Amino acid sequence: MIKKLQAGVPFYLKISVILLGLVAFFYVVFIAQNIILPLVFAVLVSILLNPLVNFLTNRKVNRILAIIISIILALLVMAGIIIFIISQFDMFGEAMPTIKQKATSVFQQITAWGARTFNLSYEKMNSYITKETKEGISHSNAVIGSTVTTISRVLIMLVLIPVYIFLLLVYKPLILKFISKLFPVELHVTVLEVLAQSKLLIQQYLIGILLELAMVSTLTAIGLFCIGIQSPILFGVITGLLNMIPYVGVLIANAAAVLIALVTKSPSAALLVLGLYILVQFIDNNFIVPKVIGSKVQINALATIITVLVGGELCGIAGMFLAIPVTAVFKVICDKVPPLEPLGYLLGDEMPSAKKKIFNIRLPLKTEDKRKNK
């Protein structure tokens with residue numbers, strides 16, 4: 001039925017509708033991100049907690065009580081992680097005076113090297129840097145204001161997400177019934193397949209990403225401890241958390257760890273840290289990700305980078321984290337909806353065979369070529 005309706009629709013009209021839909025989607029996400037982001041996070045966590053809720057209800061536990069127990073367990077795990085990270089920051093803060101002193105010494109050495117290399121006056125370079133620093137401090141009020149705004153948004157999200165999770169799990173039958181009413185009966189099988197694949201994909205992705213976080217954090221912490229970097233557990237956890245943002249996060253973590261090693265230890269230690277991060281990323285990309293996360297999220301590297309950058313531009317760090325699961329679900333939908341199949345193929349990682357013809361046509365020969373052949 002859908003294919004018959006699509007047969008009379010011009011190609012340019014299909015592309016125009018798809019592009020307009022994407023533009024409208026990105027615009028709505030940008031202007032309503034404070035409403036949408038907590039809801040999307042709540043949907044992901046609800047899907048992750050749904051098996052636990054089903055397990056408890058199958059053991060004759062009241063559904064409302066099962067939902068409350070699941071949310072409390074999730075909050076306890078999250079609180080434990082936050083308390084652990086804060087304790088590591090406290091330990092790192094005790095070493096800050098020493099780090100600050102060494103950083104000042106390294107900064108002075110770099111300034112002296114720059115003055116010698118570029119034949120500049122050390123006093124002029126120092127005064128210029130001091131002036132720029134004062135100007136940066138003068139703008140600190142705006143930075144502090146934006147930081148306070150960001151913290152307030154995070155606190156609002158932390159309050160809203162558990163409420164959303166509870167309501168989504170309670171009204172799950174109502175939401176499913178609503179989705180069934182949106183589509184005719186002949187499409188219900190396709191809709192169920194999309195929902196089932198999306199739920200399985202999100203569950204496996206979230207569980208896999210948590211296991212990957214633990215493994216990458218452990219490997220990085222052990223390596224930093226062997227090199228002798230201060231607070232190796234803190235930097236290991238930060239690396240694991242940032243690694244959840246593909247490609248971009250690990251670069252930030254690597255730069256921070258190398259900088260700390262350069263300031264507190266020596267250039268050789270910084271090179272060892274750089275080598276450690278390259279080794280951990282090699283193990284992660286070739287062993288951890290294929291075994292733990294698997295091939296469920298079949299999105300190619302180019303699409304991954306673009307979606308992460310777009311998510312970051314629209315919604316910041318939260319958008320960068322949500323970019324992969326949202327794109328993966330979108331690909332599942334594209335694979336099931338005929339007009340969107342080319343877009344789903346573009347997002348995927350299935351490469352066409354080089355031996356097979358991509359365009360199954362033969363171009364007509366020009367008049368000059370025909371004469372040559374004769």
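The values are calculated or read from the model by the stated rules, or taken from the named source; none is laboratory data. Given the structure is predicted, the values throughout are model-derived calculations rather than measurements. All Cβ positions, even for glycine, are placed from backbone atoms using ideal geometry, and neighbour counts span all protein chains on display.
So the values come out like this:
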{"quantity": "Selection within the stretch 185-210 - among the hydroxyl-bearing types (Ser, Thr, Tyr) and under 25 Å from Pro338 (Cα atoms)", "calculated": "Thr190, Ser198"}
{"quantity": "Scan of the stretch 228-256 for residues that are part of a loop (DSSP other than H, G, I, E, B) and over 19 Å from Ile83 (Cβ atoms), ordered by number", "calculated": "Gly228, Ile229, Gln230, Asn243, Met244, Ile245, Pro246, Tyr247"}
{"quantity": "Hey, Ile222 surrounded by fewer than 16 Cβ atoms within 10 Å (Cβ to Cβ), modelled with pLDDT of 85 or more and more than 18 Å from the chain's Cα centre (by Cα) or not", "calculated": "yes"}
{"quantity": "Those residues of the stretch 30-80 which are surrounded by 13 or more Cβ atoms within 10 Å (Cβ to Cβ), under 21 Å from the mean Cα position of the chain (by Cα) and farther than 16 Å from Met157 by Cα, in sequence order", "calculated": "Phe30, Ile47, Leu48, Leu49"}
{"quantity": "Among residues of the stretch 166-190, those that are farther than 29 Å from Leu73 by Cα and β-branched (Val, Ile, Thr), counted", "calculated": "4"}
{"quantity": "Condition broken by Val326, with the remaining ones in (1) farther than 20 Å from Glu350 by Cα; (2) modelled with pLDDT of 85 or more; (3) surrounded by 14 or more Cβ atoms within 10 Å (Cβ to Cβ) satisfied", "calculated": "(1)"}
{"quantity": "Residue identified as more than 24 Å from Leu302 (Cβ to Cβ) and not small (Gly, Ala, Ser) among Ile245, Ile227", "calculated": "Ile227"}
{"quantity": "Cross-chain or 6+ apart pairs with Cβ under 6 Å, the stretch 316-331 first and under 12 Å from Thr304 (Cβ atoms), then among the small types (Gly, Ala, Ser) and in a helix (DSSP H, G or I)", "calculated": "Met320/Gly311; Met320/Gly312; Ala323/Gly311; Lys331/Gly344"}
